[in-house]
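Presented below is the structure to which this report refers.
What follows is calculated from the coordinates using simple rules that are stated; it is not laboratory data. Here the structure is a predicted model, which is why all the values come from computation and not from measurement. So basically every Cβ, Gly included, is an ideal-geometry build from the backbone, and we count neighbours across all protein chains shown.
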Amino acid sequence: MTAEAREAGSPEDSAADGLRPLDIALLTYKGNPFCGGQGVYVRHLSRELARLGHRVEVIGSQPYPVLDEGAEYAGRLTLTELPSLDLYRQPDPFRTPGRDEYRDWIDALEVGTMWTGGFPEPLTFSLRARRLLRARRGDFDVVHDNQTLGYGLLGDVGAPLVTTIHHPITVDRQLELDAADGWRRRMSVRRWYAFTRMQKRVARRLPSVLTVSGTSRQEIVDHLGVAQDRIHVVHIGADTDLFSPDPSVRRIPGRIVTTSSADVPLKGLVFLVEALAKVRTEHPDAHLVVVGKRPTEGPVAQAVERYGLEGAVEFVKGISDAELVDLVRSAEVACVPSLYEGFSLPAAEAMATGTPLVATTGGAIPEVAGRDGETCLAVPPGDSGALAAGLNRLLGDEELRRRLGAAGRERVLRHFTWAKAAEGTVSRYREAMARSATAPSTPRASRRPTAGSTPGAGRAVPAREAGSAVLAMEASSGVPSVEAGSAVSAIEAGSAVPAMEGGHAVPAIEGGHSVPAGEAETGNPARVTEAAQ
């Protein structure tokens, strides 16, 4: 079939928009759908793209994405595993791999960056993805990157590139720096977030950027320097079939539910714990259930102990979707205490169940939650007194809870569903294809996986694909050799990995600057799973 015939399509083979179905490569360097918004995004968007009739190959690293299965999109939704060294896995985060685990220079780069306190995965995943995509040139109509923003995705990746930026990670970096206690902690935060320098450089060169809210759009302009005319808002949403009201689920008096990572300052959980102590003076049965890992140290753990709330704050993790939905349904109030959100899926999901919401006005949360007193109660971020007042008001007013719960669900149904997100994303795919000079002009070979997971995909790609052309990031891209320093230049593609024994760190390349090994500081294991959510 010629390129023209494929583009024209046929009545027998058309997507929901009446045009030819697309072959989509959806990249995600972290895909865990139970920890962080990126995994949730990939899971639900891939399903809805397949439901629209498109063929979606999710290419991801550990923790691998979990994809939905369904007869209506069977054969159109597959997973290709592109393994990293999985350096942050439990129960041994920040591990040093055995000598036989090294496969190429990218693995050595990943370990060396970790040893010097940096976070290597956005860069190293982008290099592996580039190698795979170039080896499979012609398989895809469009490549969709889910906020990797690595040097490897600049230049020619075999198809037009569309990138989602949920929000600039520089916001997370600044909030962690503001919360850091002492110069050692601040140095550690700067080292960990050094990859954001790379992400800034890459973002400015991207031809098409999607983001999830108007607030995020402005943050991308301000923090990353991306031109406004290259950024398009496509709202994401809740799974409104799953997150729905169910009168048979009993509301537990005094129950407040939140989804939060205790160790991440921007989630604002410490302010909610402080607010709970105030609320319990008026509502002694008030208690908090946190969907997330219980902290053993840090501000949240200290606040729970200081206010004597050990029996009033429960942490749950590893629960199923059905259990999560029933937990939210059982609450009298849902709360989003974040200092900043690029969108806020927890707000949309709670509202979709009809559970009344107290939320801060941090970042894009008001775009999702709506107006104070109409679809939620809105309070300033970082204000435990205001949170306590909002929670007290809702816990004490059943009619207000009913009204806000109903209005909240109606708002989500109108504006924030995954079906609408997929339709808007496909429109941007077709625009990118129309204006891209790199669109395939020869028939694509049928080399796609047939179904299910494809473990180890990418391992068989010839090492020469990761040679000097990758290090230079294409002469046409204008990115200077990853500015990598001795760590990369000393490791030839396809060569044996140099012995790295005794814990000697190679210089880090993150952000284009070598980091002296003597300045390395161990990272924070608790922060790993949230590093780029």
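Given a Förster distance of 56 angstrom, what is the FRET efficiency for A406 paired with R204, based on the Cβ-Cβ distance and rounded to 0.05? Numbers along the way, then the final one.
On the way: r = 44 Å, r/R0 = 0.79.
Between A406 and R204 the formula returns 0.80.
Note down the nm distance, to one decimal, between modelled labels 7 Å out along Cα→Cβ at Q218 and at D326.
A separation of 4.2 nm, rounded to one decimal place.
Pop out the ³J(HN,Hα) list for segment 131-145 in order, Karplus 6.51 cos²θ - 1.76 cosθ + 1.60 with θ = phi - 60°, rounded to Hz; leave Gly and Pro as x.
Once θ is set to phi - 60°, the couplings for segment 131-145 become 4, 5, 5, 5, 5, 10, 3, x, 7, 10, 7, 8, 10, 10, 8 Hz.
Using the alpha-carbon centroid of each, what span in Å lies between segment 380-407 and segment 117-158?
Taking the Cα centre of segment 117-158 as reference, the centre of segment 380-407 is 44 Å away.
Mind running the shape call on segment 255-415? Use the C-alpha gyration tensor, a ≥ b ≥ c as the square roots of the eigenvalues: rounded below 1.5 for a/c, prolate if a/b tops b/c, oblate otherwise. Provide the component values of the computation, followed by the final result.
Values: a/c = 1.44, a/b = 1.35, b/c = 1.07.
Rounded.
Run the numbers on segment 323-362 and let me know its relative contact order in percent, using alpha-carbon pairs under 8 Å that are six or more apart. Mind showing how you got there, number by number?
On the way: 47 pairs, mean separation 20.0, N = 40.
It rounds to 50 percent for segment 323-362.
What is the Cα centroid distance between segment 239-273 and segment 345-363, reported in whole angstrom?
8 Å
Over segment 255-415, what relative contact order in percent results from Cα pairs under 8 Å that are six or more residues apart?
Values: 318 pairs, mean separation 39.2, N = 161.
Computed over segment 255-415, the figure is 24 percent.
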